[in-house]
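A.B. asks: Below: one structure in structure tokens.
The values are calculated or read from the model by the stated rules, or taken from the named source; none is laboratory data. Bear in mind that the values here come from a model prediction, so they are computed numbers and not experimental data. So basically every Cβ, Gly included, is an ideal-geometry build from the backbone, and we count neighbours across all protein chains shown.
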Amino acid sequence: MSDRGAWTWPEGVGRHVLDRVDSTNAEAFRLAPHLSGPAWIMARRQEAGRGRRGRAWTDPPGNFAATLLTRPANGPAAAAQLSFIAALAVHEALIRLCGPTLPVALKWPNDVLLNGGKMSGILLESTGSGGHVAALAIGIGVNLAAAPDLGQLEPQATRPVSLKGETGLSVSPDDFLDALAAAFDQWQRQFNAYGFSPIRNAWMARAARLGETLTARTGSSETVGRFEGIDETGSLILTTPRGRQVIPAADIYFSGA
């Protein structure tokens, strides 16, 4: 495993480590009025974590639960693209800590997979009005020590896995936070300097099941097609019998998963 001294905490970014919270995203918004700049809020125990579409997120002891609270300079579309930066940062932190052969990949829109199973999820929530994002919470959960029980999953959901369960490697939440914050800062600097295009290319290079058939579900509608990647906004691109389909938001399911 890598030496944690190989990176430094990003300048001007706060670091708050709490013993217990309901939700790190909720705590981030409570702290927002008192923060002068971006800050990471990590909890050693999160009791009411949540995922996309209001789903519960379970956090066994030893897993990672943290939120980056930031105030994006651009509008909601650019703020939403930070989820891809977060996914790249989780991927890079894992590689830094566990080595370049770790079989980790990215699943659209905001999951990180290990050996094909879901190890990490990302949830963006914001405050603001009139097209202005006043504060953005980027919540990140990573199964470092243990995976949730299979009985808690929806039908056809990607199986949950943990880093320790799949590889035997142990990484502490504190070490992961240090690596993640440094990686996120580097990717965000690239995004600020060059826009979304290099982020899109980097994400595609790490994408799971590129070129394979998948199912995208939005409410009661379902689209099946070949996964071609993401467009310049981050929307999913599928090739279907009806032609090219661009899908801005959906849950996706892999064939045979």
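A.B. asks: Any residue in the stretch 62-91 that's on the phi < 0 side of the Ramachandran plot: show its pairings with residues that are acidic (Asp, Glu) at Cβ separation under 7 Å, as long as the two are six or more apart or on different chains.
C.D. replies: Listed by first residue and then by second, the contacts come to ALA65/ASP59.
A.B. asks: Only one residue in ASP149, ASP111, ASP175 is of a type in the set (D, E, K, R), within 20 Å of THR67 (Cβ to Cβ) and over 17 Å from the mean Cα position of the chain (by Cα). Which one?
C.D. replies: ASP175
A.B. asks: Still on this structure, please answer the following. Scan the stretch 175-204 for residues that are of a type in the set (Val, Ile, Thr) and surrounded by fewer than 18 Cβ atoms within 10 Å (Cβ to Cβ) and jot them down.
C.D. replies: none
A.B. asks: Test GLY243 against the stated conditions and say whether it is at pLDDT 95 or above, of a type outside the set (S, T, N, Q), touching a helix residue (DSSP H, G or I) at 6+ places or on another chain (Cβ under 6 Å) and outside the structural domain of VAL112 (by TED's automatic domain parsing). First the steps, then the outcome.
C.D. replies: Details: at pLDDT 95 or above: yes; of a type outside the set (S, T, N, Q): yes; touching a helix residue (DSSP H, G or I) at 6+ places or on another chain (Cβ under 6 Å): no; outside the structural domain of VAL112 (by TED's automatic domain parsing): yes.
The answer is no for GLY243.
A.B. asks: Just wondering, is there one or more residues in the stretch 106-116 that are touching a residue at least 24 places away in the same chain (Cβ under 8 Å), closer than 25 Å to ALA39 by Cα and of a type in the set (Asp, Glu)?
C.D. replies: Yes, the stretch 106-116 has at least one match.
A.B. asks: Taking the stretch 7-46 on its own, how many of its residues are more than 21 Å from THR127 (Cβ to Cβ) and either modelled with pLDDT of 95 or more or loosely packed, with under 11 Cβ neighbours inside 10 Å (or both)?
C.D. replies: Summing the residues that are more than 21 Å from THR127 (Cβ to Cβ) and either modelled with pLDDT of 95 or more or loosely packed, with under 11 Cβ neighbours inside 10 Å (or both) in the stretch 7-46 gives 9.
A.B. asks: List the pairs whose first member sits in the stretch 130-150 and is exposed (fewer than 11 other Cβ atoms within 10 Å of the Cβ), whose second member is among the hydroxyl-bearing types (Ser, Thr, Tyr), and whose Cβ atoms are under 8 Å apart, counting only residues at least 6 apart or on separate chains?
C.D. replies: Pairs that qualify, where the first residue is exposed (fewer than 11 other Cβ atoms within 10 Å of the Cβ) and the partner is among the hydroxyl-bearing types (Ser, Thr, Tyr), are ASP149/THR58.
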